[in-house]
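Participant: Take a look at this one; I'll ask things after.
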Amino acid sequence: VGILCLVSVAAELDFEYHHSEKLEAYLKRIHAAYSSFTYLHSIGRSVEGRDLWVLVLGRFPTQHKIGIPEFKYVANMHGDETVGREILLHFIDFLVTSYGQDPVITRLLNNTRIHIMPTMNPDGFEATKVPDCYYTRGRYNKNGEDLNRNFPDAFERNNASVQPETEAVMNWIKNETFVLSANLHGGALVASYTFDNGNSATGTLEGYSRSPDDDVFIHLAKTYSFNHASMYKGTGCDNRQTFPDGITNGYSWYQLEGGMQDYNYVWGQCFEITLELSCCKYPPADQLEKFWRDNKAALIEYIKQVHLGIKGQVTDKNGNPIPNAIVEAQGRPHVCPYRTNEHGEYFLLLLPGTYVINATVPGFKSILKTVEVHDNTGNFSALKHDFTFPEVSIRSSAASCPKTPLYQELQWASAAVKPTLHVVLVLMTVLLV
């Protein structure tokens, strides 16, 4: 009987568009049928009051466990870009029916906590009455705001009024220890990576906005494109637009302010890329099965990359975790330093190689450790290394990184041949703050 019930849940998911009521009902049925390794919750509500549903999958679905990284997929941020919404529903179906049957999926779920949000903009989807391959008003939320221009920006002040959907996602990022993410869009066929915005400090004079982890982002984008059925070919959607290897730096493609992937990277300590999955934003439903087949392998391989690099805990002399300790690889500092969570945990995505990891508790001598990082994605666990501060017996505390355009100060400094006293004082003030 149990097997028949599970089969009936899977059989109900057809290749069609699922509006809000059907989507919600399906997620609830999945959670009811697989409650031992799923958790369904709403992270907030849209302008019109629709729930922003997230299904969590993993061995410990209801809470974070030390050493297990957090991963997320978000789709339908633009309401008229619909392929990702349906792909994620079928991906959920694939994961729950494969767990305990497929050894790779079983290990993936046992060692990763996966969060899936099929729609970030349910109001926009419902407002798109007539499916269209091109732009429609459903792109925006009910207040007419583009949610992918609505986040704080690291390069210039974003004057957009923060929307309920954006606020919900920002709180979600703040409350979880997300390590890796992707947001699913439509209208092109390419994997785009941070930065979407930039200035002279990040190389925009050369038409490319480079992050400190540019090598990792290129690897992440290629992981998706080369596991996709055709994205890696780089042909784009017409003869005027080509993307070598099916990837692009966001700024090199087109500049945007207030994007979600830059926000994740700067303030969420989470590496996120943007996946454009279909030339047609809202294609006919009879094409959905092919889109699912084209993306299935890439969705799996991309999640495995959450196990790149190094992870561990920072503790005091009594073995107590130290939150807000700074842990970064030398040579790639973040404008908003990457800090340990409440459990003293850190996660750094790094490609195979030799690195010096710098752990710092304010007021105490830093600890440096040279490590050799290998590709452990096949083992579903990054290299583990803990740091202990023998002189520390108190919890470190630090203010959260301000939501100001942090890269403005770097631009001023890089533009000055010889720093003036004014620039030096500004930089000192920023550092003290």
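Participant: Viscosity 0.890 mPa s, temperature 25 °C: what is the translational diffusion coefficient of the stretch 310-413 from Stokes-Einstein with a Kirkwood Rh over Cα pairs, rounded to a whole number of µm²/s?
Facilitator: D = 167 µm²/s.
Participant: Just order 341-351, 269-279 by mean Cβ neighbour count inside 10 Å, highest at the front, would you?
Facilitator: Final packing ranking: 269-279, 341-351.
Participant: Could you give me the ³J(HN,Hα) list for the stretch 348-362, computed from phi with Karplus coefficients 6.51, -1.76, 1.60 and θ = phi - 60°, whole Hz, x at Gly and Pro?
Facilitator: Values, residue by residue: 10, 7, 9, 6, x, x, 9, 9, 9, 9, 10, 9, 10, 10, x Hz.
Participant: Based solely on C-alpha atoms, express the radius of gyration and the Dmax of the stretch 71-120 in angstrom.
Facilitator: That works out to 12.1, 36 Å for Rg and Dmax.
Participant: Between Arg107 and Leu205, what is the label-point separation in nm under the 7 Å Cα-to-beta-carbon projection?
Facilitator: Placing both labels 7 Å beyond Cα along the Cβ direction yields 4.8 nm.
Participant: Return the aspartates and glutamates within reach of Lys317: Cα separation strictly under 20 angstrom, same-chain partners fewer than 8 residues apart disregarded; answer none if there are no such residues.
Facilitator: Reachable aspartates and glutamates: Glu342, Glu345, Asp386, Glu391.
Participant: A further question on this structure: For Cα pairs less than 8 Å apart in space and 6+ apart in sequence, what is the mean separation divided by the residue count of the stretch 310-413, i.e. the relative contact order in percent?
Facilitator: 34
Participant: Just to confirm, what accessible area per residue do you get for the chain at 1.4 Å probe, in whole Å²?
Facilitator: Ligands and nucleic acids excluded, the result is 43 Å² per residue.
Participant: Which of Lys304/Lys365; Lys65/Lys142; Lys22/Lys304; Lys65/Lys290; Lys28/Lys304; Lys22/Lys142 have a Cα-Cα distance over 28 Å?
Facilitator: In this structure, Lys304/Lys365; Lys65/Lys142; Lys22/Lys304; Lys65/Lys290 exceed 28 Å between Cα atoms.
Participant: Same structure, new question: Binned at 10 Å from 0, what are the whole-percent values of the Cα-Cα distance distribution for the stretch 13-80, short to long?
Facilitator: 17, 46, 31, 6
Participant: Taking the Cα-to-Cβ direction at Thr242 and at Thr370 and moving 7 Å from each Cα, how far apart do the two end points lie in nm?
Facilitator: 4.4
Participant: So how strong a dipole does the chain carry about its Cα centre when Lys and Arg Cβ are +1 and Asp and Glu Cβ are -1, to the nearest 20 debye?
Facilitator: Rounded to the nearest 20 debye, it is 840 debye.
Participant: Still on this model: What does the charge count around Ser225 come to, taking other residues whose C-beta lies under 12 Å from its C-beta (Lys +1, Arg +1, Asp -1, Glu -1)?
Facilitator: Result for the neighbourhood of Ser225: -2.
Participant: How big is the stretch 199-281 in terms of Cα radius of gyration and Dmax, in angstroms?
Facilitator: 13.2, 37
Participant: Separate question: Compute the distance in nm between two label points, each set 7 Å from the Cα along the Cα-to-Cβ direction, one at Gln330 and one at Arg29.
Facilitator: It works out to 5.7 nm between the two label points.
Participant: When the accessible area of the chain is computed with all protein chains present and a 1.4 Å probe, what percentage of it is carbon and sulfur? Don't skip to the end; give the middle numbers.
Facilitator: Values: 9680 of 18420 Å².
Of all accessible area on the chain, carbon and sulfur atoms account for 53 percent.
Participant: Sort 280-291, 118-129 for me by packing, meaning the mean count of neighbouring Cβ atoms within 10 Å per residue, highest on top.
Facilitator: The most tightly packed comes first, giving 118-129, 280-291.
Participant: Now for a separate question. For the chain, with the dipole built from +1 on Lys and Arg beta-carbon atoms and -1 on Asp and Glu ones, taken about the Cα centre, which of Phe347, Pro321, Pro118 lies farthest toward the positive end?
Facilitator: Among Phe347, Pro321, Pro118, the one farthest towards the positive end of the dipole of the chain is Pro321.
Participant: Residues in the stretch 172-204, backbone N under 15 Å from the label point at Phe60 (7 Å along the Cα-to-beta-carbon vector): list them, ranges by number please.
Facilitator: 176-178
Participant: Note down the magnitude of the dipole of the stretch 310-413 about its Cα centre, charges +1 on Lys and Arg C-beta and -1 on Asp and Glu C-beta and zero elsewhere, to the nearest 20 debye.
Facilitator: The dipole of the stretch 310-413 has a size of about 100 debye.
Participant: Oh, and also: May I ask you to derive the relative contact order of the chain, considering only C-alpha pairs under 8 Å and at least 6 residues apart, and to give it as an integer percent?
Facilitator: Values: 948 pairs, mean separation 69.1, N = 433.
It rounds to 16 percent for the chain.
Participant: Angle, helix 164-175 long axis vs. longest principal axis of the chain, Cα atoms, 0 to 90°, nearest 10?
Facilitator: Approximately 60 degrees, to the nearest 10.
The values are calculated or read from the model by the stated rules, or taken from the named source; none is laboratory data. This structure is a prediction, so every number in the text was calculated from the model and none was measured. Cβ sites come from the backbone with ideal geometry, for glycine too, and all protein chains shown count toward neighbours. Just the protein is used for accessible areas: all its heavy atoms, side chains included, with ligands, DNA and RNA removed. Shrake-Rupley method; radii C 1.70, N 1.55, O 1.52, S 1.80 Å.
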